[in-house]
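The values are calculated or read from the model by the stated rules, or taken from the named source; none is laboratory data. Fair warning: this is a prediction, and the values are worked out from it, not measured in the lab. As a convention, Cβ positions derive from the backbone with ideal geometry for all residues, glycine included, and neighbour counts pool all protein chains shown.
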Amino acid sequence: MSLTNQVNKLLDEIKDSGTGRSVIELGWVDQIRVLPPRVILRMNLPAFANSQRERIAQEIRDSLCKLNGVSDVQIELANSQQDSPIGQAGHGQVAELQPIPGVKKVIAVSSGKGGVGKSTVAVNLACALGKQGFKVGLLDADIYGPNTPTMLGVADVTPDVTGSGAGQTISPINTCGIDLISMGLLIEESQPVIWRGPMLNGIIRQFLYQCSWGELDVLIVDLPPGTGDAQLSLAQAVPMAGVVIVTTPQKVSLQDSRRGLAMFLQMDVPILGVVENMSFFVPPDQPDRTYELFGSGGGAQLAGENSVDLLVQIPMEMPVQEGGNLGRPIVLDKPQSVSADTFMKLAKLLSEKSEIRH
């Protein structure tokens, strides 16, 4: 069993004396980071449980310090969930939307299923906006599968973290002309993130409100696939200019994309439009030919069904995949390619639709 699994298992055995439920299940412990030999976590008790604070903290330290590889346990204490400046959405209550200081616009990039190239779209969109002169941030909210550090060539870089508790601040990594924060910058490459909903909610809100973004024209949020906790946390936390739905022409992708789009409509988040990725394949030795490997018309169908715009159709080109592996997005590495040109058009369309200003 990995060290992260052992930590989570031991924390799940620490109980509330009143209900007998785990502090993990109750959402009283979140933002767990296993950075051997240190474990860092936040204990955020409701007011009625403050009398148990010292007992729970001591049990956490005693349990975790027995593990091989752990010699230090840092517990960040908050007085209560009500006192936390990053709210409590995800604990059964809807928090009032809170703008991010200095951030003018927030745009989410979402997909109904994995494997459609959502992170590729988010990364290249952010870089394209940066090339157009905007101050851009990229928040990787795919906590379980954070790929953006690799795509931007900073997988081995660790951001600076200062302070503790509600006063803790994370500094984003500047790369490729944008500022980035991702769970992938805080954990080892092979380390799994095994978190319940309240814990995921906590780290996303920390990335939103306790990251020193500075002055940004736009923050792009790369969401995980599906319609789960991350999407709810974002929609209940920050006012958004809108969301971009990424799909492929395939029928199965279209079915899942409909669910994701419908979720944002139900939560009154504006739909900026649909991006159809992998629309056709462009052979590297025959750039004038195209092949529709996954069918055609899916993006237009999804957009038409919901009376939203089909923004762009992005082709499949080998430099897209190669650039992602090498940490050089195609917008920067192959600016004359069809894909790079399409991403630049997408950035221009979204800047106009969202009224992004310098």
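Taking region 157-181 as the region of interest, how many residues are modelled with pLDDT under 95, touching a strand residue (DSSP E or B) at 6+ places or on another chain (Cβ under 7 Å) and not β-branched (Val, Ile, Thr)?
6
Could you list, in sequence order, all residues of region 336-355 that are in contact with an Asp or Glu (Cβ under 8 Å, 6 or more places away or on another chain) and either acidic (Asp, Glu) or not in a helix (DSSP H, G or I) (or both)?
Within region 336-355, just SER337 meets the criteria.
Quick check, is VAL312 within 24 Å of GLU355 (Cβ to Cβ) and part of a strand (DSSP E or B)?
For VAL312, the condition - within 24 Å of GLU355 (Cβ to Cβ) and part of a strand (DSSP E or B) - is met.
Taking region 123-148 as the search range and keeping residues that are out of contact with any Ser or Thr (no Cβ under 7 Å at 6 or more places or on another chain), among the aliphatic types (A, V, I, L, M) and in a helix (DSSP H, G or I), which one is surrounded by the most Cβ atoms within 10 Å (Cβ to Cβ)?
Selected residue: ALA126.
For region 260-271, check the following and say yes or no: at least one residue is touching an Asp or Glu at 6+ places or on another chain (Cβ under 8 Å) and either surrounded by 14 or more Cβ atoms within 10 Å (Cβ to Cβ) or closer than 28 Å to GLY228 by Cβ (or both).
no
Out of all the residues in region 3-46, which are polar (S, T, N, Q) and either surrounded by 14 or more Cβ atoms within 10 Å (Cβ to Cβ) or touching an Asp or Glu at 6+ places or on another chain (Cβ under 8 Å) (or both)?
First, pick out the residues of region 3-46 that are polar (S, T, N, Q): 4-6, 8, 17, 19, 22, 31, 44.
Selection gives THR4, GLN6, ASN8, SER22, GLN31, ASN44.
Of all residues in region 248-307, count the ones that are among the hydroxyl-bearing types (Ser, Thr, Tyr) and modelled with pLDDT of 85 or more.
4
Does region 277-286 contain any residue that is polar (S, T, N, Q), assigned by TED's automatic domain parsing to the domain that holds VAL123 and buried (at least 19 other Cβ atoms within 10 Å of the Cβ)?
At the first step, the residues of region 277-286 found to be polar (S, T, N, Q) are 277, 279, 286.
If we keep only those that are assigned by TED's automatic domain parsing to the domain that holds VAL123 too, we end up with 277, 279, 286.
Those still in the list that are buried (at least 19 other Cβ atoms within 10 Å of the Cβ) too: 277, 279.
Yes, the conditions are met somewhere in region 277-286.
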